[in-house]
1. So which residues in the stretch 219-259 are outside any loop (DSSP other than H, G, I, E, B) and hydroxyl-bearing (Ser, Thr, Tyr), if there are any at all?
2. Hey, can you tell me all the residues within the stretch 190-211 that are surrounded by 22 or more Cβ atoms within 10 Å (Cβ to Cβ) and not small (Gly, Ala, Ser)?
3. Could you please find all residues in the stretch 130-180 being modelled with pLDDT of 95 or more, of a type in the set (Lys, Arg) and surrounded by fewer than 19 Cβ atoms within 10 Å (Cβ to Cβ)?
4. Could you say whether any residue in the stretch 200-218 is in contact (Cβ under 8 Å) with a residue 60 or more places away in the chain, in a strand (DSSP E or B) and more than 24 Å from Ser287 (Cβ to Cβ)?
5. So, in the stretch 287-323, exactly how many residues are touching a strand residue (DSSP E or B) at 6+ places or on another chain (Cβ under 9 Å) and in a helix (DSSP H, G or I)?
6. Could you figure out which of (1) within 20 Å of Asn213 (Cβ to Cβ); (2) assigned to a loop (DSSP other than H, G, I, E, B) isn't true of Phe262?
7. Can you find a residue that is under 20 Å from Ile255 (Cβ atoms) and either within 16 Å of the chain's Cα centre (by Cα) or of a type outside the set (A, V, I, L, M, F, W, C) (or both) anywhere in the stretch 135-153?
8. Within the stretch 219-235, which residues are in contact (Cβ under 8 Å) with a residue 12 or more places away in the chain and out of contact with any strand residue (DSSP E or B) (no Cβ under 9 Å at 6 or more places or on another chain)?
Amino acid sequence: MSRVTLSRYLIEQTRSHNTPADLRFLIEVVARACKAISHQVSKGALGGVLGSMETENVQGEVQKKLDVISNEILLEANEWGGHLAGMASEEMDNAYQIPGRYPKGAYLLVFDPLDGSSNIDVNVSVGTIFSVLRCPDRKGDEGDLGEDAFLQPGTEQVAAGYAIYGPQTMLMLTLGNGVKGFTLDRELGSFVLTHDNIKVPETTQEFAINMSNQRHWEEPVKRYVGELLAGEEGPLKKNYNMRWIAAMVADVHRILTRGGLFMYPRDGREPEKPGKLRLMYEANPMSFIIEQAGGASTNGEQRIMDIQPTSLHQRVAVYLGSKEEVERVTSYHKK
């Protein structure tokens, strides 16, 4: 039986689900960029790409060399194709303008070029997260594309996905009709469909959270995690395992493949911030993927994809994964 490549899958989507051709081409370009990033990540110390720069991103985080390299790969791969009106990245203060010498398209690309980059130097899985939005209609084609064009709730996403660079390089993708998983065949040079119609189990006995921050959590989170840790003797009447990789891509990938709950609650050390993760670059695309796989995603109070963004780098608390547990921890917040 012939293997289905990402390109073939996208062509079939164009024919059977009315996926626009320019969106198909955009996804293919992003996938090629992810292959290039995977190659850079795999070089490690041999390529001189480990370690930190002497710069910080807009969030005040020290940038890794591969953060900057990955960002440049995605910008250069996508700026000239004619599919995009603009881009936004976690690593850049402002929206990226398509150079005037290139044609502009109907979509916006938003991405975290290298999620979990603090794990790079210790050889733990990292990844790229991306989201595609339609660009609002503009009068004429003059002037820079403003931040407002990107400030759309997650429900407006037309595609989202992530690449994970681990023992295998995989691309997980949704076009709004389920989630597919593709594995990079390095000999063929293509992403090949290996995981069809991915579903997150509704129930789970596994959760992911940074327990070292427990003293800074809000009371509903303390209560909920306490019940998880109480096991069979507690109110939930079952034992739970905890896993924490400290890279959202890796933790969410585990949930997609075997179920679980990912939590990154707001932190009492910074009460003015509604959370740590970025709504546009991390929470929205991952929520889209999880929901398309049958899971749920909230900020503890409401569905994440219903949140109206107010800034490119807006932060949010995140609870996503198996529906039963997401609903339980969300109900504790509402109480």
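1. To start, the set of residues in the stretch 219-259 that are outside any loop (DSSP other than H, G, I, E, B) comprises 219-233, 241-242, 248-258.
Across the stretch 219-259, the qualifying residues are Tyr224, Thr257.
2. In the first step, residues of the stretch 190-211 are kept if they are surrounded by 22 or more Cβ atoms within 10 Å (Cβ to Cβ); the result is 191, 200, 204, 207-209.
Within the stretch 190-211, Phe191, Val200, Thr204, Phe207, Ile209 meet the criteria.
3. Arg134
4. No - not one qualifying residue is present in the stretch 200-218.
5. Residues meeting the conditions: 9.
6. For Phe262, the failing item is (2).
7. Keep residues of the stretch 135-153 that are under 20 Å from Ile255 (Cβ atoms), which gives none.
Looking for residues that are under 20 Å from Ile255 (Cβ atoms) and either within 16 Å of the chain's Cα centre (by Cα) or of a type outside the set (A, V, I, L, M, F, W, C) (or both), one finds none in the stretch 135-153, hence no.
8. Within the stretch 219-235, the first condition is being in contact (Cβ under 8 Å) with a residue 12 or more places away in the chain, and the residues that meet it are 220-221, 223-225, 228.
Once the filter is applied, which keeps residues that are in contact (Cβ under 8 Å) with a residue 12 or more places away in the chain and out of contact with any strand residue (DSSP E or B) (no Cβ under 9 Å at 6 or more places or on another chain), the stretch 219-235 yields Pro220, Arg223.
The values are calculated or read from the model by the stated rules, or taken from the named source; none is laboratory data. Since we're looking at a predicted model, the values are computed, not measured. Positions of Cβ are backbone-derived with ideal geometry, glycine not excepted, and every protein chain shown enters the neighbour counts.
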